[in-house]
Amino acid sequence: MAATKAIFSMRQWAYIEFGDERAVQFVAMASPEDIKANAEFIRLADFFVEVPDGKNSNNYANFPLITKLAQETGADAVWPGWGHASEKLELPNSLAKIGVKFIGPTAPVMSVLGDKIATHILAQTA
């Protein structure tokens, strides 16, 4: 559901900014289960790359795999979704090393937000 909403939102943004909703192309990661279910986000993406099935550490939370696929597909940016890899501090750093933008908070911000005490202190200073 998150990927579907993200693609719709980014296509709308591309239309407003560039007059073409297809100005941004999407490559989705899809597990065999997603493919079998004919998941909507796969249909909305321009391309998809099949990833291993099973637990998230095999696919959607596997930051080395995401980094490798971003490089292989020539991605300019990665949106990690909600949960899964979006909570991996290593992902923004590994993408930066190969010149790919991370659409989300920086690793230092993720670090603070992952710590309840630090988050509370940060919220009080805002």
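The values are calculated or read from the model by the stated rules, or taken from the named source; none is laboratory data. Note that the coordinates shown come from a computational prediction; the quantities given were computed from them, not determined experimentally. Cβ sites come from the backbone with ideal geometry, for glycine too, and all protein chains shown count toward neighbours. Areas reflect the complete protein model, heavy atoms only, side chains present, ligands, DNA and RNA absent. Shrake-Rupley method; radii C 1.70, N 1.55, O 1.52, S 1.80 Å.
Summary table below
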| quantity | calculated |
| --- | --- |
| Some residue of region 79-91 being over 11 Å from the mean Cα position of the chain (by Cα) and assigned to a helix (DSSP H, G or I) | yes |
| Count of residues meeting criterion [in a loop (DSSP other than H, G, I, E, B) and under 17 Å from the mean Cα position of the chain (by Cα)] in region 1-38 | 5 |
| Scope region 42-64; condition within 12 Å of the chain's Cα centre (by Cα) and not in a loop (DSSP other than H, G, I, E, B); matching residues | F63 |
| Positions within region 69-96 being on the phi < 0 side of the Ramachandran plot, modelled with pLDDT under 90 and touching a helix residue (DSSP H, G or I) at 6+ places or on another chain (Cβ under 6 Å), in sequence order | P80, W82, A85, K88, L89, E90 |
| Long-range neighbours under 9 Å by Cβ, at least six apart or interchain, first residue farther than 14 Å from A6 by Cβ within region 30-47, second among the aromatic types (F, W, Y) and modelled with pLDDT under 95 | S31/Y60 |
| Within region 55-106, considering residues that are aromatic (F, W, Y) and open to solvent by 60 Å² or more (accessible area, probe 1.4 Å), the one farthest from A28 (Cα to Cα) | W82 |
| Flag for E50 being over 22 Å from S9 (Cα atoms), modelled with pLDDT of 90 or more, surrounded by 12 or more Cβ atoms within 10 Å (Cβ to Cβ) and not β-branched (V, I, T) | yes |
